[in-house]
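Taking it in order: structure first as structure tokens, then the write-up.
Throughout, read-outs are computed from the coordinates displayed, never taken from laboratory work. Because the structure is predicted, anything quoted here is derived from the model rather than measured. When we count neighbours, we look across all protein chains shown, and the Cβ atoms used for this are built from the backbone with ideal geometry, even at glycine.
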Amino acid sequence: MKVSICIGSACHLRGSREIIQKLQTLVKANNVADKVDLNGAFCSGNCVNGVCVTIDGELFSLSPETTEEFFNKEIMGRL
Amino acid sequence: MGVTVDVAYKSLNKFTEILCGDKVEILKTADSNIMILADGMGSGVKANILATLTSKILGTMFLNGATLEECVETIVETLPICQVRQVAYATFSILQVFHNGDAYLVEFDNPGCIFIRNGRLMKIPENIREVKGKKINEYRFQVQKGDALLLMSDGTIHAGVGRLLNFGWVWEDIADYAVKQYSLTISAMRLASAVCQACDELYEYRPGDDTTVACMRIISSKSVHLMTGPAQDASRDNEMVRSWMGGDDDTRRIVCGGTSATIVSRVLNKSLDVSMDYVDPEIPPIAYMDGIDLVTEGVLTLNRVLQLLKRYVKKETISEEFFLELDKPNGASMVAKMLIEDCTELHMYVGKAINSAYQNPGLPFDLGIRQNLVEQLKNTVEEMGKPVTVTYY
């Protein structure tokens, strides 16, 4: 599974760094590093709604607060 | 051969003095670059005035084609006479390098010029001529690419005298040190700073005399092409990328902006590999693209680049710490380093498209300031003595 997190200007200001750190920690803690491939990405063109994260091309808008919920539901839910 | 030079200098003021009694003038004529270092007698205001007058007179007269005799005569007759010592006095060195590679060195009473070629110290022959009672050494030679020439005030050779070193830092040892530093950097500023920093340490950070090191390095010309922002009219994306990709084999190419990088990736059909490595919490990570020297985020990175360059042009604030900052692997330091150390002219390709998501008052930083940043960047790089062009799309 390929998960890309936008690190463009607007997403950066909305907390890309924190989201990346949280996801990296969660992936490690759940022992799914071999299944989840975390990547950086540039602008996905949906800057208004939050930090853009895509799972195999499907777009989600996150904030640091919703990251854990997103991980449990969308990432773990698909494995 | 078309000779380009990188010129920089660094001064330390005598401890407790606000003004420096050494003065460096850097000038350009249609066919040459000139670097002049004058050291006024004494310290403080008096020395500063003597050094300023000397360097300005030499510079202005040289620019207008006066002979050495005329210059020296003018200085002797113009400088105010010191009430304590009853003489008017400032030592000076002049280095002029022509675009065809001819070089002319004039030295009066400063420590000798350190001339380094291919990592070895070159001897400057003695050729003394007396002008108006002053013994002046002249040397005409040809420069080569890579040569480094350092002019110094006598604060360098007096460093540490009577404290850490019995006789100060002797010329031969300074030259050895400069030769060692020569191989570590291609930057004139780093070389000048390194020698100056060593003097400061020998003085135990309390310089007993004004200390100045001015460096000229002979380099080949290197253009940097910097692209930032998508074109206002997306149909011009191709044209913008093609112009930015122009230049020769030595041209360095930077793209600052996530959307811009995506456009480049599409137009050139090259994949973009975005890193997640937050080496600096404030600066978004960089990305990689085959054949492109540097890919970074846009406005936040450029804002930091501008801060770094502004520190650089304000010479007083440059220290080892500044260069450590410049060596950091974040996007902004990497762009600034390239503009400072690996660039003789800058061409910017700037898109005027407005990203609607940036017009959001909820964001903690105004991202809609690209054009303002570009203008400031242009002025600052020009202050560094490098020509800049900006093309808007």
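Key figures for this structure:
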{"quantity": "Checking A:Leu62 against (1) touching a strand residue (DSSP E or B) at 6+ places or on another chain (Cβ under 6 Å); (2) within 14 Å of another protein chain (Cβ to nearest Cβ); (3) crowded, with 17+ Cβ neighbours inside 10 Å; (4) without any contact (Cβ under 8 Å) to a residue 60 or more places away in the chain, the condition it does not meet", "calculated": "(2)"}
{"quantity": "Residue in the stretch B:133-143 that is acidic (Asp, Glu) and within 20 Å of B:Asp22 (Cα to Cα) present", "calculated": "no"}
{"quantity": "Per-region count, the stretch A:17-37, residues surrounded by 15 or more Cβ atoms within 10 Å (Cβ to Cβ), outside any helix (DSSP H, G or I) and touching a helix residue (DSSP H, G or I) at 6+ places or on another chain (Cβ under 6 Å)", "calculated": "1"}
{"quantity": "Test result for A:Lys22, of a type in the set (Lys, Arg) and within 10 Å of the chain's Cα centre (by Cα)", "calculated": "yes"}
{"quantity": "Out of B:Leu226, B:Leu202, sole residue that is surrounded by 13 or more Cβ atoms within 10 Å (Cβ to Cβ), over 23 Å from the mean Cα position of the chain (by Cα) and of a type outside the set (Ser, Thr, Tyr)", "calculated": "B:Leu202"}
{"quantity": "Qualifying residue in the stretch A:21-39 (condition: within 14 Å of another protein chain (Cβ to nearest Cβ) and in contact (Cβ under 8 Å) with a residue 60 or more places away in the chain)", "calculated": "no"}
{"quantity": "Matching entry among B:Ile263, B:Ile219, B:Ile292, B:Ile283 (being within 14 Å of another protein chain (Cβ to nearest Cβ), among the aliphatic types (A, V, I, L, M) and farther than 17 Å from B:Gly351 by Cβ)", "calculated": "B:Ile283"}
{"quantity": "Complete set of residues in the stretch B:119-154 that are under 30 Å from B:Ser187 (Cβ atoms) and not in a strand (DSSP E or B)", "calculated": "B:Gly119, B:Lys123, B:Ile124, B:Pro125, B:Val143, B:Gln144, B:Lys145, B:Gly146, B:Asp147, B:Ser153, B:Asp154"}
{"quantity": "Which numbered condition A:Cys43 misses (of (1) within 12 Å of another protein chain (Cβ to nearest Cβ); (2) assigned to a loop (DSSP other than H, G, I, E, B); (3) surrounded by fewer than 16 Cβ atoms within 10 Å (Cβ to Cβ))", "calculated": "(3)"}
{"quantity": "Cβ-Cβ under 6 Å pairs, at least 6 apart or on other chains, the stretch B:266-280 side surrounded by 16 or more Cβ atoms within 10 Å (Cβ to Cβ), far side in a strand (DSSP E or B) and not β-branched (Val, Ile, Thr)", "calculated": "B:Leu272/B:Ala287; B:Leu272/B:Met289; B:Val274/A:Gly40; B:Val274/A:Ala41; B:Val274/B:Ala287; B:Ser275/A:Gly40; B:Met276/A:Gly40"}
{"quantity": "The one condition in (1) in a loop (DSSP other than H, G, I, E, B); (2) crowded, with 20+ Cβ neighbours inside 10 Å; (3) among the charged types (D, E, K, R) that B:Arg253 fails to fulfil", "calculated": "(1)"}
{"quantity": "Test: residue in the stretch B:57-76 that is buried (at least 22 other Cβ atoms within 10 Å of the Cβ) and of a type in the set (Phe, Trp, Tyr)", "calculated": "yes"}
